[in-house]
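Participant: Structure incoming, see below.
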Amino acid sequence: MIAPRSPRRWLFVLTILVGSFLLFLVQPMVARMVLPKLGGAPMVWNSAMLVYQALLLGGYAYAHWLGRFAVRRQAMIHLALFLVAALWLPIGIAQIGSPGPGQEALWVPLLLFASIGPVFFMVSAQAPLMQRWFATDPRAGDPYYLYAASNLGSFAGLISYPALVEPNMPLAAQSWSWSAGYAVLVLLVAGAAAARWHGGAESHADEKNGEPRPTLRRQLHWLLIAAVPSGLMLSTTTHLTTDIVAMPLLWVLPLGLYLLSFVIAFSTLARPTEIITLLAPVVLLAIGGLGLLSSGGGSMMVALASLAMLFVVATALHGYLYYLRPAAQHLTLFYLLMSAGGVLGGLFAALVAPLLFDWVYEHPLLILGAAMLLPLPALLPWDKWLGIEARTARVAAFLLVGIAALAAWNMVGRWTGRLDGDLAPWGIAIFVIGILVTGWRWAYVSALALLMLGVGGWDTIQESFTGARVRSYFGVYTVTDYPGAHQRRLAHGTTLHGLQRTDADHRREPTTYYGSQSGVGLTLARAEALAGPDAAIGIVGLGAGTLACYRKAGQDWTIFEIDPVMVDIARDPAKFTFLSDCAPDASIVVGDARLQIAGQPPGRFDIIVIDAFSSDAIPLHLLTSEAIGIYARAMKPDGILLVHISNRFFGLEPVLAAEAKARGWSAAIRMDPGPQNGSDLSDLTASNWVALTAAPDRMAQLTGGIRPREEAFADGAWVALAGEANFERWTDDYSSTLPVLIWKNIIGGRDE
């Protein structure tokens with residue numbers, strides 16, 4: 001007797017792994033491709049994630065619709081559409097017009113849809129469709145574990161890009177390699193279709209079970225449980241890069257942990273999910289209680305704690321989803337609603353919240369949403385231990401919440417910006433009360449909200465009513481007065497973006513990275529000697545407008561700024577007066593600087609200053625060979641290009657050293673050590689500015705001669721750039737941040 005054919009589990013696992021790997025490999029790849037058009041603001045990544053989630057929803061809806069047919073017909077339709085989508089290969093960026101100021105939130109999704117929409121749509125359908133095909137064999141068993149394989153492939157694709165693909169392959173090679181992977185996926189799908197060619201629209205096992213369609217209430221429950229982790233993943237990204245630590249490589253970590261949570265929750269190993277679900281209420285109280293804190297101070301410990309909370313909460317909620325899963329006949333409906341929930345959470349975090357809020361309030365709101373949905377076992381069932389009846393226990397829980405409210409009120413009145421000293425016991429008391437009342441959801445959520453308010457939350461909310469903070473597509477800006485130091489400061493997230501003295505005698509003095517001993521201060525102070533009294537100067541990045549007070553009569557200044565909100569701040573004399581005092585008639589061009597400078601007449605500028613860093617993110621598209629070429633065209637033959645490279649995480653000297661060497665330009669760096677007294681309220685900060693020019697005599701005129709690196713911190717000293725052997729020149733097609741991250745923290749950081 002001939003044995004029946006096996007379910008060919010390996011083929012379906014491999015197909016799902018390859019499809020998911022390609023799906024999440026293309027996301028950072030396309031984000032990298034659009035950098036020359038979009039820059040690197042956190043909201044760009046969030047907008048891209050929203051597009052991917054919407055396309056994923058479309059793919060899941062398509063898979064759900066396709067499931068009504070027999071597998072043979074499904075395969076014919078699916079493979080035909082695969083071939084149509086291949087017309088968008090190799091992966092590239094659609095050529096559409098640039099956005100106007102303030103239109104980025106809609107333009108970014110449009111660009112991504114036009115660039116990879118059909119391809120992403122087809123690949124995204126693999127996970128639910130292959131699981132459905134797999135389940136048509138009655139011997140196949142529960143298909144849901146394949147979703148764990150899907151997310152494992154997704155995680156591998158996401159992580160492999162910054163670790164392996166980007167450092168070793170230019171974009172063109174990446175695109176063609178991905179296209180080859182797409183071809184392999186088509187073959188695997190064809191093989192999976194052949195293995196289930198005679199399968200029906202539903203599995204035989206499910207026909208026997210006859211499980212009714214899930215109720216509307218159950219479907220809404222799936223939707224909400226899926227929405228919160230998705231929104232929390234994006235809000236964690238924004239919260240980290242806005243108010244904790246602006247390290248761009250952190251942007252990938254929340255998505256990676258989000259994917260890993262699916263791997264654990266949908267695996268056949270129930271024990272890890274049970275343990276994490278038990279810990280989730282404790283973690284949410286301990287870390288989520290910091291959710292309204294707006295003065296994280298750049299703490300990496302807080303950043304790591306936020307990521308841990310995301311992982312634990314996402315795993316617990318996704319484990320709950322797995323527990324509520326329907327029979328295989330409703331599999332595609334289940335995944336469709338999960339995907340819809342993901343889009344709903346992403347829509348709230350990426351588009352709605354930035355329009356409604358002046359701070360990342362979506363983050364604490366989603367933390368509270370998680371508390372409302374998490375399975376909440378009574379961690380310490382004291383009412384049962386003491387034999388208290390239910391009504392009496394509820395009254396006791398109410399009294400405990402009242403005590404927590406008094407503790408929070410005490411913390412609000414004595415908050416100094418740090419949870420230490422006399423405040424710590426009150427915070428611990430609220431935390432303990434939260435643990436004691438986990439058996440009552442209303443009480444647990446109340447304790448969590450009170451802890452948020454007590455740990456800096458009330459101060460954060462109050463700032464929203466002072467007009468000192470504003471939010472745009474590019475970040476959160478806060479203007480803060482320090483009367484004792486006679487200062488007004490502008491912060492972009494956690495990064496100091498500008499400072500002005502408020503006493504009349506000193507308010508025109510350049511401050512922070514722009515002091516008289518900084519590279520830009522030394523250069524602009526000598527602009528007349530370098531280029532004559534009518535020097536034409538281009539400034540990329542407005543900030544508070546500090547550099548405007550280096551302008552002298554007769555000079556022609558043009559300032560390029562991408563964010564209209566920043567222009568409003570700098571032009572408002574009630575906030576900063578650098579522009580109104582020193583350059584009220586300076587031309588300000590709103591839009592992406594690279595595109596705007598490309599439209600300037602050739603040879604217009606004597607000096608171009610690049611100072612366009614967003615927090616500590618690297619504006620890759622402003623530092624590539626093509627970008628430098630655009631600046632060179634806009635400068636006079638003996639013009640000077642000045643680039644600000646101060647950064648907490650990345651050492652950019654090798655990038656500019658390689659570019660100067662390739663062009664045969666002269667280059668030097670001014671490493672201003674800043675104040676030596678170590679005061680947090682000093683007017684000046686340390687800074688690194690690189691000067692580049694095609695004219696060696698102009699460099700000599702600026703620097704007075706290049707000094708040895710040992711004299712880098714001497715007054716007015718310019719020293720040679722520290723390059724790196726075999727460092728590959730950055731281009732629009734190739735630029736990897738990993739080498740400069742290593743260079744800063746391991747090789748070259750000691751010079752600074």
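Participant: Go through the residues of the range 727-739 one by one and say whether even a single one is in contact with a Pro (Cβ under 9 Å, 6 or more places away or on another chain), hydrophobic (A, V, I, L, M, F, W, C) and surrounded by fewer than 18 Cβ atoms within 10 Å (Cβ to Cβ).
Facilitator: yes
Participant: Val590 versus (1) out of contact with any Ser or Thr (no Cβ under 7 Å at 6 or more places or on another chain); (2) surrounded by 19 or more Cβ atoms within 10 Å (Cβ to Cβ); (3) not polar (S, T, N, Q): which is the lone unmet condition?
Facilitator: (2)
Participant: Check whether at least one residue in the range 333-348 is in a loop (DSSP other than H, G, I, E, B), open to solvent by 20 Å² or more (accessible area, probe 1.4 Å) and over 25 Å from Val565 (Cβ atoms), and report yes or no.
Facilitator: No, the conditions are met nowhere in the range 333-348.
Participant: Determine whether Phe431 is open to solvent by 40 Å² or more (accessible area, probe 1.4 Å), touching a Leu at 6+ places or on another chain (Cβ under 6 Å) and either more than 28 Å from Pro354 (Cβ to Cβ) or of a type in the set (A, V, I, L, M, F, W, C) (or both).
Facilitator: yes
Participant: Please list, ordered by first then second residue, the pairs with beta carbon atoms under 7 Å, 6 or more apart or interchain, first in the range 480-497 and of a type outside the set (Asp, Glu), second assigned to a helix (DSSP H, G or I) and open to solvent by less than 30 Å² (accessible area, probe 1.4 Å).
Facilitator: Every condition considered, the pairs that remain are Leu490/Ile569; Gly493/Thr241; Gly493/Thr242; Gly493/Asp243; Thr494/Asp243; Thr494/Ile244.
Participant: What residue, among those in the range 80-98 that are in contact with a helix residue (DSSP H, G or I) (Cβ under 7 Å, 6 or more places away or on another chain) and outside any helix (DSSP H, G or I), is farthest from Ser175 (Cα to Cα)?
Facilitator: Ser98
Participant: Go through the range 417-428 and report how many residues are outside any helix (DSSP H, G or I) and surrounded by 14 or more Cβ atoms within 10 Å (Cβ to Cβ).
Facilitator: Within the range 417-428, residues that are outside any helix (DSSP H, G or I) and surrounded by 14 or more Cβ atoms within 10 Å (Cβ to Cβ) number 1.
Participant: Here's a follow-up. Which members of the range 171-207 meet the condition of being in contact with an Asp or Glu (Cβ under 7 Å, 6 or more places away or on another chain) and either modelled with pLDDT of 85 or more or open to solvent by 60 Å² or more (accessible area, probe 1.4 Å) (or both)?
Facilitator: Leu171, Ala172
Participant: For the range 689-726, what are the residues that are assigned to a helix (DSSP H, G or I) and open to solvent by less than 30 Å² (accessible area, probe 1.4 Å)?
Facilitator: Result: Met699, Leu702, Thr703.
Participant: Given (1) open to solvent by less than 10 Å² (accessible area, probe 1.4 Å); (2) more than 25 Å from Leu234 (Cα to Cα); (3) in contact (Cβ under 8 Å) with a residue 40 or more places away in the chain, where does Ala127 come up short, assuming only one miss?
Facilitator: Checking Ala127 against (1) open to solvent by less than 10 Å² (accessible area, probe 1.4 Å); (2) more than 25 Å from Leu234 (Cα to Cα); (3) in contact (Cβ under 8 Å) with a residue 40 or more places away in the chain, the one that fails is (2).
Participant: Let me ask another. Which one is modelled with the highest pLDDT, of the residues in the range 43-102 that are among the hydroxyl-bearing types (Ser, Thr, Tyr) and more than 28 Å from Leu333 (Cβ to Cβ)?
Facilitator: Per the criteria, the residue is Ser47.
Participant: As an exercise: evaluate Arg507 against (1) closer than 14 Å to Leu547 by Cα; (2) surrounded by fewer than 19 Cβ atoms within 10 Å (Cβ to Cβ); (3) modelled with pLDDT under 90 and give the number of the one condition it does not meet.
Facilitator: (3)
Participant: May I ask you to list pairs of residues, at least six apart or on different chains, whose Cβ atoms are under 7 Å apart, with the first in the range 517-540 being in contact (Cβ under 8 Å) with a residue 40 or more places away in the chain and the second being basic (Lys, Arg) and open to solvent by 10 Å² or more (accessible area, probe 1.4 Å)?
Facilitator: Pairs that qualify, where the first residue is in contact (Cβ under 8 Å) with a residue 40 or more places away in the chain and the partner is basic (Lys, Arg) and open to solvent by 10 Å² or more (accessible area, probe 1.4 Å), are Leu530/Arg698; Ala536/Arg604.
Participant: Quick check on the range 1-19: of everything there that is of a type outside the set (Val, Ile, Thr) and open to solvent by less than 10 Å² (accessible area, probe 1.4 Å), which residue is modelled with the lowest pLDDT? Show your work before the answer.
Facilitator: Within the range 1-19, the subset of a type outside the set (Val, Ile, Thr) is 1, 3-12, 14, 17, 19.
Filter again for open to solvent by less than 10 Å² (accessible area, probe 1.4 Å), leaving 12, 19.
Working: Phe12: 88, Gly19: 92.
My answer is Phe12.
The values are calculated or read from the model by the stated rules, or taken from the named source; none is laboratory data. Nothing here was measured: the structure is a model prediction, and the numbers come from that model. As a convention, Cβ positions derive from the backbone with ideal geometry for all residues, glycine included, and neighbour counts pool all protein chains shown. For the accessible areas, the whole protein counts, side chains as well, though only heavy atoms, and no ligand, DNA or RNA atoms are used. Shrake-Rupley method; radii C 1.70, N 1.55, O 1.52, S 1.80 Å.
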